[in-house]
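**Student:** Please see the structure below; I have some questions.
The values are calculated or read from the model by the stated rules, or taken from the named source; none is laboratory data. Quick caveat: nothing in here was measured; it's all calculated off a predicted structure. Because the Cβ atoms are built from the backbone with ideal geometry, glycine has one as well, and the counts that use them run over all protein chains shown. These accessible areas exclude ligands, DNA and RNA; they are computed on the full protein's heavy atoms, side chains included. Shrake-Rupley method; radii C 1.70, N 1.55, O 1.52, S 1.80 Å.
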Amino acid sequence: MNELAINGGNKIKTTPFGTGRRFGFEEGKELLEALEQNTLFYHAGNKVKTFLNNFNELYGVKYSVAASSGTAAIHVALGVSGVTVGDEVITSPITDQGTLIGILYQNAIPVFADLDPNSYNLSPESVEEKITDRTKAIVVVHLAGNPVDMDPIMEIATKYRLKVIEDCAQSYMAKYEGKLVGTIGDYGCFSTNDFKHISTGDGGMVTINSNDEDDFKTAHAFADKNYQRFGTNVQRELNYLAPNYRMTELQGAVGIAQLKKLPFICEKRTKHGDEISMGIKDLKGIYSHKVNKNDTCTYWFYMFRIDEESFSCSRNEFAEALRAEGIPASAGYIPQVVYLNGLFQNKQAYINSHFPFELSSTVYKKGLCPEAEKILLTSIRIPVSEFYTDDDIRDIVNAIHKVTSYYQINKVKAN
Ligand SMILES: *Cc1c(COP(=O)(O)O)cnc(C)c1O
């Protein structure tokens, strides 16, 4: 029993992980209704409108705008915030590139702040250190469904008059101090790409938290080539540059059905993730996924860290041993912090150009955000699914215990 599976012992996981179907008759019915409208255009049909109304109700917000992706949603929020050429936007170095694309398309400069070692979210102290007189906005990323510590971020934003955009692509229904993330900053941006809590294939939403009608109308037009379509009143005056980020009725239709499943999906994920944390919190050399006391994490994935000094194996060997036990663990999240990618190392956002980086003295060297770099070298990620069973969670916890006790050094000397 104690022999690791990687060394020829018995595996912990002897039954398949729970799975299920994300789409069913409900989505099919909505799609058929969308087609029967004889239009797939959001302004002519009712599916995107209903989807947004239901989303607004679920989130308790007055206004939101649909977009073609999460990346598009973030770009809309940046555009409406007035982020433009040479501005600096502070964000997280551990994120999907969708967080950064809009910043660069506005010809603004991404500036990376460091992270809390165990929540993997922006550290407010580091954010404040990165502020210059060019800083225009902060894009916080609630990574893996875990709320960023928003109160200090909002205080900093007020103090320096900055816009706050929440990237909620991985954090549906997550709550900071009881408040839904995405409703705290100026704008909350969501993704419905096929890998998120809910899927419409691709898609996105932006909440307009100012509750200001003009702000809403500007955001709406920014996602629709500057068309201003409200009721029967349609104007196409071009006052500024705006891309086509429209959502189609097919996405809206699937979204209506998916939203109904969202509370269940998130409750399950919260339960599963918190149970993994409970199960491993006393293990020496293991740091569980840290969620602040009054917050709710909806675990897009679960990630813990190991203190390599406490083990006779490397992080990669630890993850490999878990995989041999039948747990689909992987080493870290993204391969490296985003600023170590060629785009930042070569300061080349546009092919054959160094614009807008040449406007700024910002550097993107290794060591810029030491904690973020360390997180990616010492973390182990385990996928979470709403379809997992209690047995699956028990097996994940038992496998981490088994691998920990095998590789732990100084077991006897403990305490
Ligand atoms: C998925 C994701 C995005 C981008 O969403 P798309 O719909 O794929 O464009 C942005 N930020 C984060 C943190 C994400 O996980």
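**Student:** Output needed: percent of Cα pairs per 5 Å distance bin for the range 25-258, bins running from 0 to the one holding the longest distance.
**Tutor:** 1, 7, 15, 20, 20, 16, 11, 6, 3, 1, 0, 0
**Student:** Taking all protein chains as present, what is the carbon and sulfur share of the accessible area of the range 25-258, in % to the nearest whole number, probe 1.4 Å? Provide the component values of the computation, followed by the final result.
**Tutor:** Details: 4310 of 8840 Å².
About 49 percent, which is the carbon plus sulfur part of the accessible surface.
**Student:** Take the chain, compute every pairwise Cα distance, and split them into 10 Å bins from 0; I just need the percent in each bin.
**Tutor:** Distribution as computed: 5, 21, 29, 24, 15, 5, 1, 0 percent.
**Student:** For a Förster distance of 41 Å, can you work out the FRET efficiency between the beta-carbons of Phe355 and Lys49, rounded to the nearest 0.05? Don't skip to the end; give the middle numbers.
**Tutor:** Working: r = 39 Å, r/R0 = 0.95.
It comes out at approximately 0.60.
**Student:** When the label point is put 7 Å from the Cα of Asn233 along its Cα-to-beta-carbon vector, which residues of the range 50-73 have a backbone N closer than 19 Å?
**Tutor:** Under cut-off, by backbone N: 63-65.
**Student:** If I histogram all Cα-Cα distances within the range 119-227 using bins 10 Å wide from 0, what percent of pairs lands in each bin?
**Tutor:** 14, 42, 34, 9, 0
**Student:** In the range 186-242, which chymotrypsin sites (Phe, Trp or Tyr not before Pro) fall in coil by DSSP and have 11 or fewer other Cβ atoms within 10 Å? Each step should come with its number before you reach the end.
**Tutor:** Details: sites: Tyr187, Phe190, Phe195, Phe216, Phe222, Tyr227, Phe230, Tyr240; in loops: Phe195, Tyr227, Tyr240.
For chymotrypsin sites (Phe, Trp or Tyr not before Pro) across the range 186-242 that sit outside H, G, I, E and B with at most 11 neighbouring Cβ atoms in 10 Å, the list reads Phe195, Tyr240.
**Student:** While we're here: Scan around Ser123 for amide H atoms under 5 Å from its own, H built in the peptide plane at 1.01 Å from N, and keep only partners 5 or more places away or cross-chain.
**Tutor:** HN-HN under 5 Å from Ser123: Asp114, Leu115, Asp116.
**Student:** For the range 25-258, build the charge dipole from Cβ charges (+1 Lys, Arg; -1 Asp, Glu) around the Cα centre, then report which of Leu143, Ser81, Asn239 sits farthest towards its positive end.
**Tutor:** Sorting the options by dipole projection puts first Asn239.
**Student:** In debye to the nearest 20, how big a dipole does the range 16-130 give about its Cα centre with +1 on each Lys and Arg Cβ and -1 on each Asp and Glu Cβ? Please report the intermediate quantities before stating the final value.
**Tutor:** Details: 7 positive and 14 negative charges, 105 e Å.
Dipole of the range 16-130, to the nearest 20 debye: 500 debye.
**Student:** Please give me, ordered by residue number, the GluC sites (Glu not before Pro) of the range 205-312 that lie in loop per DSSP and have at most 12 other Cβ atoms within 10 Å. Present the calculation step by step, with values, prior to reporting the outcome.
**Tutor:** Values: sites: Glu213, Glu237, Glu249, Glu267, Glu275, Glu308, Glu309; in loops: Glu237.
Loop-located and lightly packed - Glu237.
**Student:** On a 0 to 90 degree scale, rounded to 10, what angle separates helix 213-222 from the longest Cα axis of the chain?
**Tutor:** Approximately 80 degrees, to the nearest 10.
**Student:** Averaged per residue, what accessible surface does the range 256-415 expose to a 1.4 Å probe, in Å²?
**Tutor:** Values: 7610 Å² over 160 residues.
Per residue, the range 256-415 has 48 Å² of solvent-accessible surface.
**Student:** Quickly work out the Glu308-to-Thr132 label distance, labels modelled 7 Å from Cα along the C-beta direction, and quote it in nm with one decimal.
**Tutor:** In this crude spin-label approximation the distance works out to 3.2 nm.
**Student:** Then there's this: About its Cα centre, how strong a charge dipole does the range 120-268 have in debye, to the nearest 20, once Lys and Arg get +1 and Asp and Glu get -1 at the Cβ? Intermediate values should be presented prior to the final figure.
**Tutor:** Values: 17 positive and 21 negative charges, 93 e Å.
Charge dipole, the range 120-268, about its Cα centre: 440 debye, nearest 20.
**Student:** With unit charges on the beta carbons (Lys and Arg positive, Asp and Glu negative) and the dipole taken about the Cα centre of the chain, which residue among Leu368, Thr218, Leu283 sits farthest to the positive side?
**Tutor:** Highest projection toward the positive end goes to Leu283.
**Student:** In debye to the nearest 20, how big a dipole does the chain give about its Cα centre with +1 on each Lys and Arg Cβ and -1 on each Asp and Glu Cβ? Intermediate values should be presented prior to the final figure.
**Tutor:** Details: 43 positive and 51 negative charges, 94 e Å.
Roughly 440 debye for the chain.
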